[in-house]
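I have placed the structure first, in the form of C-alpha cells, so that the comments after it can refer back to it.
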Amino acid sequence: MLEVCQVRKSYRSPRGPVRALDGVSLKVGAGEITVVHGPSGCGKTTLLLAAGALLAPDDGRLFVDGRDPYRMSVEERARLRATTIGFVFQQFHLIPYLTVLDNVLAPSLANPFRGARERAQELLDRFGISSRAEHVPAALSTGERQRTALARALLNEPRLLLADEPTGNLDPDNSAAVLAYIADFAHTGGAALMVTHSDAAKAHAGQIMEMSEGKTVGAEGAGAEDPKESAQQ
C-alpha cells in the first residue's frame, strides 16, 4: 500500500537548508502497522506528510497503492487522498463550529457516498462517543476529540491510515484505546503508518523504524530496509 524509496526533503532556514528527510525508505503492506519512532524534530511528521500526498519530496519516489501521487494532477492527487488515505493529526484539527457527527461526516463532502450518515453513526457507536454526537469539539475531553478525529479518518474506509502522534495528548487509558482501534483497522486489511515518540505504540507494530536527524538509524520487522543497504544504493 505504501512504498517510500530513498526520499529526501529539505527546508530553508536562516542558517541554510535543513534536511528533514535524508534517504528514507520503507514499505507498508495491507494488514500491517509500521511505527516510526524518534525524538521531536527527527523528520517523522515530514515523512508522514510526504506519504499522505501533502508534501512533495525533493528527491526519491513514493507510491501509494502502486501510484506516485506526485506524478498526478492536483485533482487526481486530491482524489487519491479522499478515497484511499485517512489522516489522524496530533492536534485533531476538528472544525470547532461543527458537531461531532458533522466533523466525522466532513470527508464525505469531498467523496460523497450513499450511507455516509449511517457509517458515521456506526463509528461513533464503535468508539463510544455516540452520546456526544451533537456536541461541538470544545465540549469534549481530549480523548473524545482524538476518537472523533479517528472516526473521521475512517469514514471513507481508507486503505492507508496515517497517524501523527495519535496518543501524544492522551492519558494511558485513552492511548491504549486509540492504539487498539488502529490495530483493529490493520487486522481488517488496512495499512497503517504511525509516527510517534511514544514507546507504547511499538507493541502493536509489525515493523518498527527508528529515526534520527532525518535518517533511519535502526529497523525491525519485514519491510524495513537496512539503513546500511539504503546508504549504498
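Key figures for this structure:
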| quantity | calculated |
| --- | --- |
| Helices (runs of 4 or more DSSP H) wholly inside region 104-182 containing at least 2 residues that are closer than 25 Å to Thr45 by Cβ and not polar (S, T, N, Q) | 107-110, 142-154 |
| Failed item in (1) modelled with pLDDT under 90; (2) of a type in the set (Asp, Glu); (3) closer than 21 Å to Leu54 by Cβ, with Asp164 passing the rest | (1) |
| Odd one out for Asp22, checked against (1) in a strand (DSSP E or B); (2) touching a helix residue (DSSP H, G or I) at 6+ places or on another chain (Cβ under 6 Å); (3) farther than 20 Å from Ala186 by Cβ | (2) |
| Residues that are in contact with a strand residue (DSSP E or B) (Cβ under 7 Å, 6 or more places away or on another chain), modelled with pLDDT of 65 or more and part of a strand (DSSP E or B), drawn from region 201-219 | Gln207, Ile208, Met209, Glu210, Met211, Lys215, Thr216, Val217, Gly218 |
| Selection count where residues are among the small types (Gly, Ala, Ser), surrounded by fewer than 22 Cβ atoms within 10 Å (Cβ to Cβ) and within 11 Å of Val195 (Cα to Cα), scope region 1-54 | 1 |
| Matching residues, region 38-83, being under 12 Å from the mean Cα position of the chain (by Cα), within 18 Å of Ala191 (Cα to Cα) and in a helix (DSSP H, G or I) | Lys44, Thr45, Leu47, Leu48, Leu49, Ala50, Ala51, Arg81 |
| Check on Pro69, free of Cβ contacts under 8 Å to residues at least 60 places away in the same chain and crowded, with 22+ Cβ neighbours inside 10 Å | yes |
| Candidates Gly189, Gly128, filtered to the one that is exposed (fewer than 15 other Cβ atoms within 10 Å of the Cβ) and either under 12 Å from the mean Cα position of the chain (by Cα) or in contact (Cβ under 8 Å) with a residue 60 or more places away in the chain (or both) | Gly189 |
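The values are calculated or read from the model by the stated rules, or taken from the named source; none is laboratory data. In this text, all values refer to a predicted model and were calculated from it rather than measured experimentally. Positions of Cβ are generated from backbone atoms using ideal geometry, with glycine treated the same way; all protein chains shown enter the neighbour counts.
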